[in-house]
Amino acid sequence: MLSKSQAKWFFLIFTAGFSGVFLWLTVDTLMQVPERSHAEKIDEHVIRGKEIWEENNCMGCHTLLGEGAYYAPELTKVVERRGEAWIRTFIKDPEAMYPGQRKMVKYDFTEDQITDVIAFLAWVGNVDTNGFPAKPDLAPASMVDVPGGAAKLAAAPPIFGQLCQACHAIGGQGGVVGPALDTVGARFDEAWFAKWLNDPNVVRPGTKMPKMPLSDADKQALAKWLSTLK
């Protein structure tokens, strides 16, 4: 048993000691923030993007760095996951890409404002968060490199890598939200792809494939290339 005097000194010494450790850890953390956050990359676009994010209360639905509403998708690594072209297309008109499925507001941002938002999200995605958030395990176990996949990807129109590859894969490279397209040309011809890309829901009502805001040139190039994948 400790005497009252010993208990007093025990309390004071250990309180002071642990307080010192806490302060040291706090200072050490603050010293690491500029490097871990890549503060040198915060330019005018990132700043304006953050202002747009706050002015429109995006955190009321979305989450960044673990903070937010958890109502809409977490966006810490969204640029890495989706790519700039996909994000730009989605922000312009969320409903057009997912008719009847998205509650995301169409804000009618200008091209410059969208560029600023993407710059802000790209900066957030490069912050060193010790692996947070963890990458979702979405890839099926059977997904392997398909022979000839690299050659098929090399022949793909640029728009495929900018938009389509976020959901679809060729040769085991790409997203797994939609089906792999390695042999899709063996089932459908160029004319079918042209109709599909124009409005998937008309061809197959209820499909999860969104109507992408593609130019006529992009639709034509994709339809021609997809028909060769056999």
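Quick note: the coordinates plus some simple rules give every number you see, no bench work behind them. Here the structure is a predicted model, which means the values were calculated and not measured. Using ideal geometry, Cβ is built from the backbone for each residue, glycine included, and neighbour counts are taken over all protein chains shown.
The shape of the stretch 1-125 can be summarised by an equivalent ellipsoid whose semi-axes, obtained from the alpha carbon gyration tensor, come to 46, 18, 11 Å from longest to shortest.
Do any trypsin sites (Lys or Arg not before Pro) in the stretch 38-138 lie in a loop, going by DSSP, with at most 15 other beta-carbon atoms within 10 Å of their beta carbon, and if so which? Answer by residue number: K103, K106.
Among the chymotrypsin sites (Phe, Trp or Tyr not before Pro) within the stretch 27-83, those in coil by DSSP and having at most 16 neighbouring Cβ atoms inside 10 Å are Y70, Y71.
Taking Cα atoms, how many degrees apart are the long axis of helix 216-226 and the longest axis of the chain, rounded to 10 and kept between 0 and 90? Relative to the chain, helix 216-226 is tipped by roughly 80 degrees. Legend: residue pairs K50/K77; K41/K135; K50/K135, Cα-Cα distance threshold 18 Å; pairs beyond threshold, K41/K135; K50/K135.
Between C61 and V105, full extension at 0.36 nm per residue minus the direct alpha carbon distance yields a gain of 14.8 nm. Dipole orientation for the chain: of the candidates L25, V46, A150, A150 has the Cα lying most toward the positive pole (charges on Cβ; Lys, Arg +1; Asp, Glu -1). Averaging Cα coordinates gives a centre for the stretch 4-54 and one for the stretch 152-230; these two points are 49 Å apart.
Across the stretch 170-188, the residues whose backbone nitrogen lies under 16 Å from the label position 7 Å along the beta-carbon direction of K230 are 182-188. Shown here: volume of the Cα convex hull per residue in Å³, derived from the displayed model; of the candidates (1) 139; (2) 111; (3) 205, it corresponds to (3). Sequence-ordered 3J(HN,Hα) estimates for the stretch 189-202 from the Karplus curve with 6.51, -1.76 and 1.60 and θ = phi - 60° stand at 9, 4, 5, 5, 4, 4, 5, 4, 5, 5, 6, x, 5, 6 Hz, glycine and proline given as x.
Applying 0.36 nm per residue to the separation of I13 and A96 and subtracting their alpha-carbon distance, the gain on full extension is 23.4 nm. A crude spin-label estimate for the pair F132 and A191, with each label 7 Å from Cα along the Cβ direction, gives 5.6 nm. For the stretch 9-22, putting each phi into the Karplus relation 6.51 cos²θ - 1.76 cosθ + 1.60 with θ = phi - 60° gives couplings of 5, 4, 5, 5, 5, 6, 5, 5, x, 5, 5, x, 4, 4 Hz, in residue order, rounded to whole numbers and with x for Gly and Pro. Highest mean packing comes first when the peptides 187-196, 170-179 are listed by Cβ atoms within 10 Å, giving 170-179, 187-196.
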